[in-house]
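The values are calculated or read from the model by the stated rules, or taken from the named source; none is laboratory data. Everything numeric in this text was worked out from a predicted model, so none of it was measured. Here the Cβ positions follow ideal geometry from the backbone for every residue, glycine too, while neighbour counts run over all protein chains shown. These area figures cover heavy atoms from the full protein model, side chains too; ligands, DNA and RNA do not enter into them. Shrake-Rupley method; radii C 1.70, N 1.55, O 1.52, S 1.80 Å.
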Amino acid sequence: MINTHTMYRIAALAALAVALAVTGFCQQVLAGSNELTPPSTRELDPWTQRRLALELQGGVANPAGTAALALDFSALSWLSLNVGAGFDFAGPQFSVMPRARLASSSGANRTALFVTAGTSIGKFCRSSTLSCVPADDGDYALRIDRALWANTGVGYELRTAAGLELRGTVGLDTLLNPGSARCFSTSSPPGGSNVGSSDCGGYRPPTVAPSLALALGYAF
């Protein structure tokens, strides 16, 4: 079985590879699309020309879920608010993530570096089964029904004059209520037992976890 530290290393390497791929893709799109854009429209800001975007999101430890829908509202050319809802293997997830663009290219089709910080809430589970229920004697499941996270990240995004949106984010998720974790086994009471300072059959609440997220959307 792959241990937690190995999983974190794999996730970090995957995040780096995806970030490089998104950067290269965005540069190729801009190189081709800016040549076809009339000079009179190249200085329009795509974030304030089309403020509201509908997104599909996916990723590993993505604040809105492994698969999610989100609304992204650009209040200013450099500031956006993202509200998402989705699911992961444990259950439904919800997130609110403001995002600040630190530097962006010029023209009608733009790329930008950004930082983001917000919060998310949803069910968290660690077990040997996807159902988060102990399978048999000697099996355990660790569960937090309302896990509250502080989410931070950095990334790179593309917004075109036609409304196409592509964004990649790597970040860290910090669990704010590890004391809410409950341990379940075939012999535990219906509501589970407190985890406390001990583990739960080898499972413990995480403190900080790496995250990787991709978003594809269309702005109106």
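Could you say which residue among Ala108, Ala85, Ala70 is in a loop (DSSP other than H, G, I, E, B) and buried (at least 16 other Cβ atoms within 10 Å of the Cβ)? Show your work before the answer.
Values: Ala85 fails: in a loop (DSSP other than H, G, I, E, B); Ala70 fails: in a loop (DSSP other than H, G, I, E, B).
When all the criteria are applied, what remains is Ala108.
I'd like the residue in segment 139-160 that is open to solvent by less than 50 Å² (accessible area, probe 1.4 Å) and in contact with a helix residue (DSSP H, G or I) (Cβ under 9 Å, 6 or more places away or on another chain) and, out of all such residues, is farthest from Leu216 (Cα to Cα).
Out of the qualifying residues, it is Ile144.
Out of (1) within 17 Å of the chain's Cα centre (by Cα); (2) open to solvent by 10 Å² or more (accessible area, probe 1.4 Å); (3) of a type in the set (Gly, Ala, Ser); (4) on the phi > 0 side of the Ramachandran plot, the odd one out for Gly65 is which?
Failing condition for Gly65: (2).
Among Leu102, Leu166, Leu176, Leu130, which is under 30 Å from Asp45 (Cβ atoms) and surrounded by fewer than 16 Cβ atoms within 10 Å (Cβ to Cβ)?
Leu102
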